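What follows is a set of notes on a single structure, which appears directly below.
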Amino acid sequence: MAVSDMVKKVFLVALGLTLAWAGPASAAGKVRAFVSILPQKYFVERIGGELTDVSVLVQPGANPHMYEPTPRQMAALAKAQVYFAIGINLEDVWLPKLKGANRDMLVVRTQEGVDKIPMIEHHHDEAEHHHDEAEHHHDEAEHEGHDHAAAHSDEHDHGILDPHIWLDPVRVKTIARNTCDGLVRADPAHKTEYEANLAAFLNELDKLDATIAEAMAAIPVGKRAFMVFHPSWGYFAQRYGLTQVAIEAGGNEPSPRHLAEIIEHGRELGVTVVFVQPQFSKRSAEVIASELNARVLPLDPLAEDWKGNLLHAAEAFGRALS
């Protein structure tokens with residue numbers, strides 16, 4: 001083989017590899033996607049199916065509020081085609097850096113259009129007000145007949161908006177639509193498949209919402225309050241008429257004074273269960289549960305099996321509060 005023919009052959013092989021790498025999907029026909037948390041992996045795979053290769057930034061058991069990508073993750077992110085954000089704190093810090101290292105990476109903010117509520121800390125002197133007040137929220141003007149939400153905030157008491165939007169099946173419909181739009185932008189050749197999967201997933205979400213609503217409706221009116229260390233379940237509580245009481249104060253362990261107020265608040269609301277998640281300390285939860293003669297039960301808002309986890313949460317709430 002002549003040298004010129006060899007050079008030409010090497011060039012063509014290199015060009016083919018470059019085009020396969022730079023195209024809308026990888027050589028294996030899969031979109032290289034990154035998500036911030038495990039529940040998002042469920043959403044992307046539900047819509048993208050076999051057409052996606054999904055990696056997760058925050059690993060199981062890690063605290064998403066304090067997480068830093070590993071060197072291996074940084075290397076993988078430099079080759080990712082699309083990043084699906086969801087509005088958690090670490091994205092404010094890391095997304096600009098990741099985008100700087102990979103300018104071709106498409107960033108899809110799946111939280112856009114989701115109606116958010118503030119993360120509210122409950123205080124002893126507001127207990128009666130928070131227990132009785134109710135308000136209704138709707139996703140994209142969709143009126144859900146069972147969308148009776150228990151409110152736990154004053155107009156003047158707005159703080160940081162709650163990022164845990166994935167724990168409400170109705171709000172997840174918006175996340176799903178945004179995810180589908182992102183996949184179509186990254187891989188327009190498979191638009192039909194993505195949109196068909198989206199339609200099926202939206203139908204599944206409606207059924208899941210109805211199933212949970214029916215289960216939560218059986219909980220007695222006077223037993224709908226529960227405690228958590230970190231206020232992750234606000235959207236779930238709002239959607240299904242429950243009252244969430246947070247233990248932490250500004251992301252920290254409560255002071256002795258605040259702890260006493262929480263215990264008194266729990267007594268007034270008749271709290272019988274304190275839920276803890278693996279990413280946070282359960283020390284304060286155990287102290288409070290002891291004072292209230294309540295149970296401490298695990299509940300993880302970041303489980304990978306998103307649907308199964310919400311059904312498990314509904315069962316846990318129903319069993320504990322009834």
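The values are calculated or read from the model by the stated rules, or taken from the named source; none is laboratory data. In this text, all values refer to a predicted model and were calculated from it rather than measured experimentally. Glycine also receives a Cβ, built like all others from the backbone with ideal geometry; neighbour counts cover every protein chain displayed.
Would you please name the residue that is surrounded by the most Cβ atoms within 10 Å (Cβ to Cβ), looking only at residues in the range 226-257 that are modelled with pLDDT of 85 or more and among the small types (Gly, Ala, Ser)?
Filtering first and then ranking leaves ALA237.
Which residue, of GLU193, GLU214, is surrounded by fewer than 16 Cβ atoms within 10 Å (Cβ to Cβ) and either more than 28 Å from PHE280 (Cα to Cα) or among the hydrophobic types (A, V, I, L, M, F, W, C) (or both)?
GLU214
Looking only at the range 40-60, decide whether some residue is assigned by TED's automatic domain parsing to the domain that holds THR179, acidic (Asp, Glu) and within 15 Å of MET105 (Cα to Cα).
Yes, the range 40-60 contains a residue that is assigned by TED's automatic domain parsing to the domain that holds THR179, acidic (Asp, Glu) and within 15 Å of MET105 (Cα to Cα).
Of the conditions (1) charged (D, E, K, R); (2) at pLDDT below 90; (3) crowded, with 23+ Cβ neighbours inside 10 Å, LYS282 satisfies every one except a single condition; which number is it?
Of everything listed in (1) charged (D, E, K, R); (2) at pLDDT below 90; (3) crowded, with 23+ Cβ neighbours inside 10 Å, LYS282 misses just condition (3).
Looking at LEU299, LEU292, LEU259, LEU321 in this structure, which one is more than 23 Å from the chain's Cα centre (by Cα) and under 30 Å from LEU205 (Cβ atoms)?
Criteria check complete, one pass: LEU321.
Given the condition under 18 Å from the mean Cα position of the chain (by Cα) and among the small types (Gly, Ala, Ser), answer yes or no: does some residue in the range 179-201 qualify?
yes
Mind telling me which of the residues ALA176, ALA199 ends up being modelled with pLDDT of 95 or more, crowded, with 21+ Cβ neighbours inside 10 Å and small (Gly, Ala, Ser)?
None of the others qualify; the one that does is ALA176.
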